[in-house]
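*Asks:* One structure, pasted below without further comment.
What follows is calculated from the coordinates using simple rules that are stated; it is not laboratory data. Computed from a prediction, not measured in an experiment: that's the story for all the values here. Every residue, glycine among them, receives a Cβ derived from its backbone with ideal geometry; neighbour counts consider all protein chains shown.
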Ligand code: FAD
């Protein structure tokens, strides 16, 4: 079933989880170890992230270096299929622009469609680790909106080669990312919302937000979106702080603020376990308020924190 159908049919706030594919060389069992303990909470859908390849320089025998591409976390399409097969729960495959040509993207979408995976979250992706700015692949997309247009074309039976214009119509339900604290490259929220609206006008069915730790930011983001004419569901994405170091690493990586009261709670915690408890307690309060105020679904960035997730979801749902 499509994400938006889940939302339409629900008479209460749903929940969903987001997981990362395991590191290359690990088994799909790593995914099951994360998901098995979460299945009792009946998530409406499970998202699987996509990771671009990075290049590294490998020393050769003759003292020179080869530029080698490695993808540390391959397997998104396979994991999505495994989830639907094993748990009979809808999976949402993330598809990114970075590192992919349009043709490679089309092939991945065809695989997803054959596998009965009709939910995609379409993203630009971040800059490669070796580069300061996002540089699209030659023959790839520059922004998520271009990816939305490609998927909408396929939903109309239009593939990349002109002679296959009458192709099979895929049936993808399309999610895109939104940023309550604005995307870090945007000069201001208004400009970011203009681009978010472009994604929705191009055919996105719903939005999932970047994580936030202050619900007021989500509520005011939803209001601003509505005022700008964005009327699709906006799913809040949240995650608990589970280690003291995250109060520094999360703002650096995700460009979001940590509220003073949460910093205080983490700083006052006497050990690692107390930090985790403070982070979980904060996330429970955030979740409760989101449910109470009618959020359509809460999307949890699990990041492998199974026990913290269980503690939160048990209290809220
Ligand atoms: P875009 O919508 O393309 O926006 C990027 C920036 O460009 C914004 O500042 C926007 O305002 C601006 N912009 C947009 N369109 C235009 C335009 N036409 N002209 C000029 N400027 C424009 N990353 C991964 O690599 N893999 C994942 O699986 C993944 N999952 C994610 C899931 C969620 C819910 C979220 C919130 C993020 C995820 N990311 C993932 C991170 C995401 O790829 C980055 O945040 C990335 O920097 C932006 O992606 P986007 O899709 O929002 O890009």
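*Asks:* Output the residues belonging to segment 206-216 that are crowded, with 16+ Cβ neighbours inside 10 Å and either free of Cβ contacts under 8 Å to residues at least 40 places away in the same chain or within 18 Å of the chain's Cα centre (by Cα) (or both).
*Replies:* 206, 207, 208, 209, 210, 211, 212, 213
*Asks:* Same structure, new question: Restricting attention to segment 99-120, and to residues there that are within 13 Å of the ligand (Cβ to nearest atom) and out of contact with any strand residue (DSSP E or B) (no Cβ under 7 Å at 6 or more places or on another chain), which single residue is nearest to residue 1 (Cα to Cα)?
*Replies:* 100
*Asks:* Sticking with this structure for a sec: Given the conditions (1) surrounded by 15 or more Cβ atoms within 10 Å (Cβ to Cβ); (2) within 13 Å of the ligand (Cβ to nearest atom); (3) touching a residue at least 12 places away in the same chain (Cβ under 8 Å), and given that residue 203 satisfies all but one, which numbered condition is not satisfied?
*Replies:* Unmet condition: (2).
*Asks:* Among the residues that make up segment 121-143, is at least one of them under 30 Å from residue 286 (Cα atoms) and more than 13 Å from the ligand (Cβ to nearest atom)?
*Replies:* no
*Asks:* Which condition number in (1) more than 8 Å from the ligand (Cβ to nearest atom); (2) in contact (Cβ under 8 Å) with a residue 12 or more places away in the chain is the one that residue 188 fails?
*Replies:* So the condition that residue 188 fails would be (2).
*Asks:* Ok, one more. Which condition does residue 209 not pass, out of (1) within 13 Å of the ligand (Cβ to nearest atom); (2) farther than 28 Å from residue 305 by Cβ; (3) in contact with a strand residue (DSSP E or B) (Cβ under 9 Å, 6 or more places away or on another chain), if it passes all the others?
*Replies:* With (1) within 13 Å of the ligand (Cβ to nearest atom); (2) farther than 28 Å from residue 305 by Cβ; (3) in contact with a strand residue (DSSP E or B) (Cβ under 9 Å, 6 or more places away or on another chain) applied to residue 209, the lone miss is (2).
*Asks:* Let me ask something else about it. For segment 228-263, give me each residue that is part of a helix (DSSP H, G or I) and in contact with a helix residue (DSSP H, G or I) (Cβ under 9 Å, 6 or more places away or on another chain).
*Replies:* 246, 247, 261, 262, 263, listed by residue number.
*Asks:* For residue 270, only one of the following conditions fails: (1) in contact with a helix residue (DSSP H, G or I) (Cβ under 9 Å, 6 or more places away or on another chain); (2) assigned to a loop (DSSP other than H, G, I, E, B); (3) without any contact (Cβ under 8 Å) to a residue 40 or more places away in the chain. What is its number?
*Replies:* (1)
*Asks:* Is it the case that some residue within segment 74-84 is under 20 Å from the mean Cα position of the chain (by Cα) and over 28 Å from residue 146 (Cβ atoms)?
*Replies:* So far as segment 74-84 goes, yes, one or more of its residues are under 20 Å from the mean Cα position of the chain (by Cα) and over 28 Å from residue 146 (Cβ atoms).
*Asks:* So residue 86 ticks every box in (1) part of a helix (DSSP H, G or I); (2) surrounded by fewer than 13 Cβ atoms within 10 Å (Cβ to Cβ) but one. Which box is left unticked?
*Replies:* If we test residue 86 against (1) part of a helix (DSSP H, G or I); (2) surrounded by fewer than 13 Cβ atoms within 10 Å (Cβ to Cβ), just (2) comes out false.
*Asks:* Mind checking which residues of segment 144-171 are touching a strand residue (DSSP E or B) at 6+ places or on another chain (Cβ under 7 Å), over 14 Å from residue 107 (Cα atoms) and more than 10 Å from the ligand (Cβ to nearest atom)?
*Replies:* None; the set is empty.
*Asks:* Right, next: What are the residues in segment 161-181 that are surrounded by 14 or more Cβ atoms within 10 Å (Cβ to Cβ) and in contact (Cβ under 8 Å) with a residue 24 or more places away in the chain, if any?
*Replies:* Within segment 161-181, 170, 172, 173, 174, 175, 176, 177, 178, 179, 180, 181 qualify.
*Asks:* Let me ask something additional. Which numbered condition in (1) away from the ligand (no atom under 11 Å from the Cβ); (2) within 22 Å of residue 28 (Cβ to Cβ); (3) in contact with a helix residue (DSSP H, G or I) (Cβ under 7 Å, 6 or more places away or on another chain); (4) not in a loop (DSSP other than H, G, I, E, B) is the only one that residue 174 fails?
*Replies:* Failed condition: (2).
Okay, residues lined up against (1) on the phi > 0 side of the Ramachandran plot; (2) buried (at least 19 other Cβ atoms within 10 Å of the Cβ); (3) touching a strand residue (DSSP E or B) at 6+ places or on another chain (Cβ under 6 Å):
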| position | (1), (2), (3) |
| --- | --- |
| 235 | no, yes, yes |
| 240 | no, yes, no |
| 245 | no, no, no |
| 250 | no, no, no |
| 257 | no, no, no |
| 262 | no, yes, no |
| 268 | no, no, no |
